[in-house]
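Q: Submitted below is the structure of interest, expressed as structure tokens.
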Amino acid sequence: MFKPALLASAAALALTLAACDQPAKTPPVAEGPTSEQLAIDLTEDVAPLAENLPDAPAVPVLAAAAPAAQRDYWQDVAAADGYYADEAPDYYYEYDDVDPVYWEDENDGWRVMEPLPYGGERYYYYRAGEDEPWFVRDPDFGYAYAGGALAVVYDSYGRPLPYEYRRSRSNYASRYYVRAAELRRAARRAERRRVENATWRRREVIAQRERERWNDVYDRRGDDWRRADRRERRDDLPPPLVVARRAEALERRRQDQLDQARAERERRTVEARQEAQQRAVEQRREDRREQKQDRLEQKQEQRQEQLQQKQEQRQDRIEQKQGRRQDRLEQKQEQRQDRIEQKQERRQDRLEQKQEQRQEQLQQKQERQQEKQERQQEKQERRQDRQEQKQDNQAQRQAQQRAQQEQQAARQAQQRQQQQEQQAARQRQQQEQQAGRQAQQRQQQEQQAERQAQQQRQQQEQQAARQAQQRQQQEQQAARRAEQQAAQQAAQQQRQQQQQAAQQQRQEQKAAQQQQKQEQKADRQEEKAKRREEKAAAKAARQGDGQE
């Protein structure tokens with residue numbers, strides 16, 4: 001279905017190039033059907049060519065060794081075209097002064113077609129769930145995409161071109177890629193219009209006739225085209241299609257000189273049809289523009305009226321809200337003042353309670369300290385009594401020891417007198433010596449006892465002095481604490497007074513700010529009312545001018 005149409009567009013381009021090469025007197029050769037005879041009746045305007053599309057971000061080009069670049073996308077395109085066949089499109093819609101047609105398949109895939117100048121067509125193919133195309137083809141080339149990158153470029157016969165062509169055609173491929181995404185997004189938002197089956201059948205009948213004529217031309221010129229096809233296949237890098245078509249046009253011009261008159265007649269008729277169709281298209285465009293302008297003016301007037309009504313309603317609501325806000329603000333201020341007074345009273349009560357509790361705690365601490373001091377004094381007195389008792393006991397023990405020693409000495413003396421009369425003198429001397437030694441020991445013990453008594457007295461006097469110093473220090477600490485507490489209370493009172501004064505200042509500032517805001521709002525409302533009156537007067541003047 002599509003290959004003859006592509007051949008028709010290629011032959012038409014070749015014929016135009018051949019006409020440029022001929023002299024001015026000789027008419028151009030036109031063997032096949034003209035491009036205007038292949039135009040679709042559904043479309044009044046045509047889409048821009050690739051060179052007229054706006055510049056787009058360059059899509060990347062896959063490497064020649066990439067798996068996606070080795071795939072045959074042309075078979076998938078042929079399968080999709082075979083599925084749609086000659087069925088009428090599901091709908092068409094408006095986009096950029098063009099009426100593209102839209103097909104959907106059972107697998108939620110899409111195909112979009114838009115007409116081009118000189119009777120050509122451009123097709124966009126989409127997979128299910130994707131807004132970007134996987135293939136785009138025009139009468140001269142086909143562009144395959146994989147993951148947003150250019151994978152393969154095909155010629156009009158479905159043959160993949162070498163890798164160098166992908167780099168040279170990447171600019172057009174990028175523009176087609178962006179155009180396809182915009183068409184898909186516009187199809188979702190635009191108003192869909194039904195395609196009449198009768199109109200589409202008439203279009204298909206005309207297209208089928210022109211394909212049959214092109215098939216006849218292909219059969220008559222098949223030998224030359226086959227030889228050119230063999231030359232292109234023998235070369236690794238085929239020459240540009242424009243050069244090949246120019247050579248074909250020159251050969252056809254030499255061989256078809258007898259058919260020039262008939263071609264001139266057909267060209268004239270085609271020009272006349274083109275002019276008539278262009279005029280009809282221009283008239284339709286003007287009619288559409290006028291209708292659009294009328295609709296826009298009506299919509300603008302309606303919108304202005306709605307906006308005025310909405311503005312009035314908004315102003316009423318704003319005034320109501322302002323009154324409510326003022327009442328709420330006054331209530332909130334009163335509630336805040338009541339809360340602040342209650343909080344201050346509570347704080348004062350808490351401070352008084354805390355002060356009373358602190359005074360009671362201080363008194364209790366002082367009483368406890370006094371009790372501790374009394375207990376310590378009692379313990380010290382007990383310790384002194386115990387020490388005195390220990391000293392008395394030691395003295396008694398020493399006296400007992402002395403008495404025992406004297407008894408032993410007397411016994412020994414008696415025994416010695418009885419047993420040794422001869423040694424009496426010696427023993428007496430020894431006893432006297434021992435008695436002197438014992439007297440010395442007694443003197444030493446008495447001296448030690450006096451020393452211990454003196455040490456104990458000194459220790460007691462030192463302890464009493466220390467206790468007196470401790471009492472003085474405690475009294476000084478209590479006086480300092482009382483002074484600190486009094487200073488803290490005075491500082492807290494000053495802070496509270498300062499906070500109250502700051503709060504009053506803040507409230508006064510807030511009240512002044514609110515008054516300023518209210519005055520500003522009133523000024524704004526007056527300005528808005530003046531603007532409304534001016535707009536109403538201007539509108540009334542316009543209406544009066546329109547009525548006149």
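Q: I need a count of the residues in region 82-114 that are modelled with pLDDT under 85 and either assigned to a helix (DSSP H, G or I) or in contact with a Ser or Thr (Cβ under 7 Å, 6 or more places away or on another chain) (or both).
A: Of the residues in region 82-114, 3 are modelled with pLDDT under 85 and either assigned to a helix (DSSP H, G or I) or in contact with a Ser or Thr (Cβ under 7 Å, 6 or more places away or on another chain) (or both).
Q: Out of all the residues in region 508-522, is one or more farther than 30 Å from ARG339 by Cβ and surrounded by 11 or more Cβ atoms within 10 Å (Cβ to Cβ)?
A: Scanning region 508-522, I find at least one residue that is farther than 30 Å from ARG339 by Cβ and surrounded by 11 or more Cβ atoms within 10 Å (Cβ to Cβ), so the answer is yes.
Q: Test each condition in (1) within 38 Å of the chain's Cα centre (by Cα); (2) under 22 Å from PRO48 (Cα atoms); (3) crowded, with 19+ Cβ neighbours inside 10 Å for ASP131 and report the one that comes out false.
A: (3) is the only condition that ASP131 fails.
Q: Can you tell me how many residues in region 371-395 are closer than 18 Å to GLN474 by Cβ and surrounded by 13 or more Cβ atoms within 10 Å (Cβ to Cβ)?
A: 4
Q: For residues that are open to solvent by 100 Å² or more (accessible area, probe 1.4 Å) and of a type in the set (Asp, Glu), scanning just region 287-311, find the one that is nearest to ALA540 (Cα to Cα).
A: GLU301
Q: While we're on this one: Could you go through region 465-480 and let me know if any residue there is part of a helix (DSSP H, G or I), over 30 Å from GLU381 (Cα atoms) and open to solvent by 100 Å² or more (accessible area, probe 1.4 Å).
A: Yes - at least one qualifying residue is present in region 465-480.
Residues checked against (1) on the phi > 0 side of the Ramachandran plot; (2) surrounded by 13 or more Cβ atoms within 10 Å (Cβ to Cβ); (3) modelled with pLDDT of 85 or more:
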{"site": "ASP223", "(1), (2), (3)": "no, no, no"}
{"site": "ASP229", "(1), (2), (3)": "no, yes, no"}
{"site": "GLU251", "(1), (2), (3)": "no, yes, no"}
{"site": "ILE318", "(1), (2), (3)": "no, yes, yes"}
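The values are calculated or read from the model by the stated rules, or taken from the named source; none is laboratory data. This one's a predicted model, so the numbers in the text were calculated from it and none came from an experiment. Cβ atoms come from the backbone with ideal geometry, glycine included; neighbour counts cover every protein chain shown. In case anyone asks, the SASA skips ligands and DNA or RNA and just uses the protein heavy atoms, side chains included. Shrake-Rupley method; radii C 1.70, N 1.55, O 1.52, S 1.80 Å.
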